[in-house]
Each structure stands twice: as structure tokens, then as C-alpha cells.
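Asks: So that we are looking at the same thing, I have put the structure below in C-alpha cells.
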Amino acid sequence: MSMAEQLPQPQPPGCDQRVGEPVLRSGLLRSVPEDFRVVERLGFEPNGEGAHRLLRVRKVDCNTNWAASRLARMLEVSARDVGYSGLKDRRAVTEQWFSVPAHATGTIDDDALAQDGLTVLEMSGHNRKLRRGTHRANGFRIVIRAADADPAALDERLDAISRGGVPNYFGLQRFGRGGNNLRMAESLASGRRLRRRDRGFALSAARALIFNAILSRRIAEGSWNRLLPGDVAGLAGSRSHFQVETVDAELEDRLERQDVHPTGPLWGRGSPDTAAEVRMMEADVAAEHLALSGMLEVEGLEQARRPLRLGVEGLEWSREGDALILSFELEAGGFATSVLAAL
């Protein structure tokens with residue numbers, strides 16, 4: 001049986017607005033794992049020596065946590081000692097980095113790993129364990145088969161995406177298979193205790209739901225890609241932010257060049273850093289999800305910001321028969337499904 005996914009896909013929780021009419025009417029995604037390729041870009045070079053080893057691993061049709069546990073068993077270390085920067089898609093061919101202690105007593109068995117769909121492509125010493133979110137970007141190559149789209153309309157939309165980005169929704173992956181992470185968040189909000197790992201997934205899903213809902217509100221108001229007085233603007237490619245009092249010509253130009261983006265809250269304790277009507281709107285949406293927003297505050301998470309707009313770098317596209325082939329790069333934390341949803 002084919003494992004392909006029919007487009008369009010279900011929208012992630014909190015997403016209830018579209019930007020423009022669909023130009024890609026239907027298609028098949030992930031007909032085979034090779035149709036969805038991801039290459040993680042660290043943004044730094046391994047030191048060559050240190051208390052850890054960095055392994056660049058190609059994974060075929062397996063998820064990141066499973067690959068980490070497989071490496072831990074082979075190297076005879078605890079699964080907690082294996083680090084990685086981000087979770088990658090399962091139904092895909094992905095390349096990502098893992099860190100393992102340099103003192104690990106086990107050895108890499110290439111043949112055994114190959115049977116599990118894993119290949120170690122590169123190994124180097126490093127002075128630090130990899131932590132979540134430490135990579136710079138991910139490169140994608142996606143093949144959509146049986147793509148039904150008007151070529152002219154598709155070219156126009158893809159050109160607009162290249163110039164103006166897409167809504168930076170959290171994808172379905174953040175909410176777990178069948179929404180399981182979100183159900184755990186609801187359980188945590190009701191007072192149930194969770195294992196440490198499950199708690200992390202639950203908190204992330206709750207934050208993602210509120211962020212998506214605020215982004216949907218901004219889309220409905222036509223301001224997801226505009227700066228408003230009272231906004232908090234984020235500098236592209238960094239975690240630096242600044243408050244917007246007035247939107248002048250210089251700021252509009254920087255927005256057009258995607259040097260800055262409007263941001264939305266990753267909910268936590270205290271009030272958002274925004275002001276005026278923007279803060280009121282964010283608080284109103286959070287109040288619509290009071291159990292989850294209240295739980296995030298009780299759990300001690302601090303307010304943080306995430307861009308509402310996702311820049312799509314190096315976007316290229318081509319047609320081979322009935323297949324549409326897309327290549328692009330997204331900064332860490334961006335979801336390729338947001339690009340597909342914009343089509």
C-alpha cells in the first residue's frame with residue numbers, strides 16, 4: 001500500500017485562515033521517503049576535538065528519537081547522553097547531526113546501522129553536546145507527484161512566496177501523532193503529572209497552539225506580514241527583538257527586504273512584550289485557551305517571541321512530467337508544511 005499523503009493536508013491546531021486561494025489543487029506527498037529530503041545545516045564547524053563526537057547521520061524512514069536510541073545502544077551509552085539539534089521527519093530521507101560522549105565504549109557497526117536505515121556520513125570531535133535549536137537552518141527538496149496546478153498561477157504564487165515569505169505556523173508534527181502531544185498538554189493542565197520527556201512535548205504543543213491561533217488572527221486582520229505600532233519586531237536570522245513605536249519608511253523598507261519580521265508570543269509568565277492594541281489582541285487569544293495559557297504560566301515558562309512570517313530562502317522549482325519539485329531553505333524552527341500550505 002502506498003504511504004503517500006494526499007494534498008491538501010489537515011491544518012495544524014489553531015490554523016483557520018488561508019492566505020490566497022489554492023493554486024496547487026491536489027498532489028501526492030511522500031510517495032517514497034526519497035520524495036522528501038532534509039539536510040540540517042549546523043552553521044558552525046565541529047572543533048575536531050573535545051569531550052563529544054559529532055556524527056552526521058543519514059536517516060531513511062525513521063524518526064530522530066528512534067535513531068538516537070539506536071546510536072545509544074550501539075555505543076553503550078545512555079540515551080540521555082545522545083544530543084541532537086532538532087527533530088526531523090520520519091517519512092523522509094534526512095541528514096542531521098548527533099552528539100555522543102567521546103568516552104563511549106561501543107563502536108559503530110556500519111552494516112548493522114544500514115539495516116535500520118542509518119548511515120554515518122561524517123564524524124568529528126567537538127567540545128559541546130548538541131542542544132535543541134542549535135542548528136542554523138534546514139535545506140529541503142520535496143517532490144509532489146500527480147501535481148494538479150495551473151503553471152502560470154503556480155509560478156506567480158511561488159515567486160510571491162520567494163519575495164514575501166509564508167505564515168510561520170507550527171506544523172502538525174509539533175502536536176504529535178494524532179494530536180497526542182496536545183492531549184498530553186490538556187492532561188497536564190488538568191493536574192496530571194507527566195514524565196519529563198512527555199512534559200516537554202506537552203508544553204511545546206500548548207505554546208504552538210496559542211501561537212498558531214494568534215497568527216490566524218493576524219492573517220484574518222491582514223497584518224501577519226506587516227508591522228503595527230506596539231509590535232515586537234524580530235531581526236531575521238537572530239533572536240534579537242525590538243519594540244515598534246511607529247512604523248516609518250525605513251522600517252517598511254526593512255520589512256520588505258525581510259530584514260525584520262513581526263513576531264507573536266510563545267506564551268509564558270508575565271505579559272507579552274507588545275503594547276497597545278497588539279498586546280490586547282494577544283491577551284484575548286490566550287484567554288480563549290485559558291487552561292493551556294494558565295498552565296504554561298504555572299509551569300514557569302517565560303514569555304518568548306517567534307516570527308509570524310517565515311522567509312523561504314533559495315526557492316527553486318521545476319516540473320518533471322506530472323511531478324512538481326521544490327527546493328528551498330528555512331531557518332531553524334520553520335516547517336516545510338507551511339510552504340506547502342501557502343500553495
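Asks: Restricting the search to the stretch 228-253, which residues are more than 25 Å from the chain's Cα centre (by Cα), small (Gly, Ala, Ser) and either at positive phi or surrounded by 17 or more Cβ atoms within 10 Å (Cβ to Cβ) (or both)?
Replies: Answer for the stretch 228-253, where residues must be more than 25 Å from the chain's Cα centre (by Cα), small (Gly, Ala, Ser) and either at positive phi or surrounded by 17 or more Cβ atoms within 10 Å (Cβ to Cβ) (or both): just Gly230.
Asks: What's the number of the condition Ala160 fails, among (1) in contact with a Lys or Arg (Cβ under 8 Å, 6 or more places away or on another chain); (2) closer than 27 Å to Glu256 by Cβ?
Replies: That leaves (1) as the condition not met.
Asks: Something else about it: Which pairs turn up if I take residues in the stretch 226-246 that are without any contact (Cβ under 8 Å) to a residue 12 or more places away in the chain and look for partners that are outside any loop (DSSP other than H, G, I, E, B) with beta carbon separation below 7 Å, at least 6 apart in sequence or on another chain?
Replies: Note: pairs meeting the criteria are Phe242/Ala233.
Asks: Examine the stretch 95-115 for a residue that is β-branched (Val, Ile, Thr), in contact with a Lys or Arg (Cβ under 7 Å, 6 or more places away or on another chain) and farther than 18 Å from Arg37 by Cβ, and state whether such a residue exists.
Replies: Looking only at the stretch 95-115, we keep the residues that are β-branched (Val, Ile, Thr), and these are 100, 105, 107-108.
Right, trim to in contact with a Lys or Arg (Cβ under 7 Å, 6 or more places away or on another chain) and you get 100.
Remaining after also requiring farther than 18 Å from Arg37 by Cβ: 100.
Checked against the condition, which is being β-branched (Val, Ile, Thr), in contact with a Lys or Arg (Cβ under 7 Å, 6 or more places away or on another chain) and farther than 18 Å from Arg37 by Cβ, the stretch 95-115 yields at least one hit.
Asks: Say we look at the stretch 262-315 and pick out the residues that are among the small types (Gly, Ala, Ser) and part of a loop (DSSP other than H, G, I, E, B); which of these is nearest to the chain's Cα centre (by Cα)?
Replies: Across the stretch 262-315, the extreme among qualifying residues is Gly311.
Asks: Looking for whichever is modelled with pLDDT of 95 or more, of a type in the set (Ser, Thr, Tyr) and out of contact with any Phe, Trp or Tyr (no Cβ under 8 Å at 6 or more places or on another chain) here; the options are Ser293, Ser318. Which one fits?
Replies: Of Ser293, Ser318, the one residue that is modelled with pLDDT of 95 or more, of a type in the set (Ser, Thr, Tyr) and out of contact with any Phe, Trp or Tyr (no Cβ under 8 Å at 6 or more places or on another chain) is Ser318.
Asks: Could you please find all residues in the stretch 189-247 being touching a helix residue (DSSP H, G or I) at 6+ places or on another chain (Cβ under 6 Å) and aromatic (Phe, Trp, Tyr)?
Replies: Residues satisfying the conditions are Phe201, Trp224.
Asks: For the subset of the stretch 1-33 comprising residues that are among the aliphatic types (A, V, I, L, M), assigned to a loop (DSSP other than H, G, I, E, B) and more than 12 Å from Ala342 (Cβ to Cβ), which member is modelled with the lowest pLDDT?
Replies: Looking at the filtered set, the residue picked out is Met1.
Asks: If you don't mind, another one. Is it the case that some residue within the stretch 43-65 is touching a strand residue (DSSP E or B) at 6+ places or on another chain (Cβ under 8 Å) and within 19 Å of Phe328 (Cβ to Cβ)?
Replies: Checking the stretch 43-65: at least one residue is touching a strand residue (DSSP E or B) at 6+ places or on another chain (Cβ under 8 Å) and within 19 Å of Phe328 (Cβ to Cβ).
Asks: Going by the conditions given, is Pro46 part of a loop (DSSP other than H, G, I, E, B), of a type outside the set (S, T, N, Q), under 28 Å from Gly237 (Cβ atoms) and out of contact with any helix residue (DSSP H, G or I) (no Cβ under 7 Å at 6 or more places or on another chain)? If you could, list the steps in order and put the result at the bottom.
Replies: Details: part of a loop (DSSP other than H, G, I, E, B): yes; of a type outside the set (S, T, N, Q): yes; under 28 Å from Gly237 (Cβ atoms): yes; out of contact with any helix residue (DSSP H, G or I) (no Cβ under 7 Å at 6 or more places or on another chain): yes.
Yes; evaluated as a whole, the condition is true for this residue.
Asks: Just for strands (runs of 3 or more DSSP E) wholly inside the stretch 70-180: which have at least 2 residues that are under 30 Å from Arg305 (Cα atoms), touching a strand residue (DSSP E or B) at 6+ places or on another chain (Cβ under 7 Å) and in contact (Cβ under 8 Å) with a residue 12 or more places away in the chain?
Replies: 93-101, 137-149
Asks: Give the stretch 78-132 a look and list any residue that's within 25 Å of Phe335 (Cα to Cα) and loosely packed, with under 13 Cβ neighbours inside 10 Å, or say none.
Replies: Residues satisfying the conditions are Leu121, Arg131.
Asks: Okay, next question. Here's a check for you: in the stretch 254-263, which residue that is in contact with a helix residue (DSSP H, G or I) (Cβ under 9 Å, 6 or more places away or on another chain), without any contact (Cβ under 8 Å) to a residue 60 or more places away in the chain and not hydrophobic (A, V, I, L, M, F, W, C) is surrounded by the fewest Cβ atoms within 10 Å (Cβ to Cβ)?
Replies: Glu256
Asks: Continuing with this model, one more query. If you go through the stretch 288-310 one residue at a time, do you hit one that is touching a residue at least 60 places away in the same chain (Cβ under 8 Å), under 20 Å from Leu24 (Cα atoms) and of a type outside the set (Phe, Trp, Tyr)?
Replies: yes
The values are calculated or read from the model by the stated rules, or taken from the named source; none is laboratory data. Quick caveat: nothing in here was measured; it's all calculated off a predicted structure. Positions of Cβ are backbone-derived with ideal geometry, glycine not excepted, and every protein chain shown enters the neighbour counts.
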